[in-house]
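First the structure, in the form of structure tokens, and then the observations on it.
Bear in mind these aren't lab numbers, they're just calculated from the coordinates by the rules spelled out. Fair warning: this is a prediction, and the values are worked out from it, not measured in the lab. Cβ sites come from the backbone with ideal geometry, for glycine too, and all protein chains shown count toward neighbours.
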Amino acid sequence: MKSRHLFTLILIFLIATNVLLLTACRSKDSELTQSSGVDYLVLTTRTNHSRVKLGNSVQIQFTVINTGDQPVIIESKEWPVLDILVTTLPSGNNIRTWSIENPAQVSHRIEWQPGEAQTLTMIWSVSINDKLESRFSILGLVNSDTRVLQRSGIVMCLEGFCE
């Protein structure tokens with residue numbers, strides 16, 4: 001069930017980010033930020049690089065803020081409510097997952113008060129063992145038991161493969 005959920009998530013993300021593939025990889029190496037939101041939760045994914053280079057460290061931040069005037073509660077028994085995935089494109093192979101690297105910090109229930117934010121931070125030290133491809137997606141997720149509720153993502157390119 002988990003692998004089917006992950007496959008569906010990656011497929012949806014690949015379809016939704018076709019425009020980002022072109023814009024992120026044409027720019028010079030710089031910070032990238034992408035925000036999205038549905039209802040009162042606003043998601044922001046941020047990296048300190050737009051290009052991936054062997055030996056570099058990429059700092060990834062995923063922030064979810066409640067912009068509404070009521071508390072928001074999300075629960076998930078099987079999946080972490082918040083997570084970050086680093087995947088290769090176009091294959092969709094997972095390179096890094098915040099929840100796997102930080103099991104003691106994983107939350108299965110989060111309550112946001114109005115104006116409150118939750119942030120995950122991850123450092124990706126890019127190595128040859130990452131099975132590098134020409135493009136990568138950095139995806140911040142808000143999960144429930146049955147599906148991904150919301151997502152925010154960035155697409156990065158491997159140095160030398162950027163247009």
Filtering the range 29-52 down to residues that are surrounded by 13 or more Cβ atoms within 10 Å (Cβ to Cβ), out of contact with any helix residue (DSSP H, G or I) (no Cβ under 6 Å at 6 or more places or on another chain) and not in a strand (DSSP E or B) yields D29, Y40, N48, H49
Count of the range 115-130 residues which are free of Cβ contacts under 8 Å to residues at least 60 places away in the same chain and outside any strand (DSSP E or B): 4
Report, by residue number, each residue of the range 111-132 that is under 18 Å from L82 (Cα atoms), of a type in the set (A, V, I, L, M, F, W, C) and either within 18 Å of the chain's Cα centre (by Cα) or surrounded by fewer than 14 Cβ atoms within 10 Å (Cβ to Cβ) (or both). A117, L120, M122, I123, W124
Tally, over the range 77-109, of residues that are more than 23 Å from M156 (Cα to Cα), part of a helix (DSSP H, G or I) and either among the basic types (K, R) or touching a residue at least 24 places away in the same chain (Cβ under 8 Å) (or both): 0
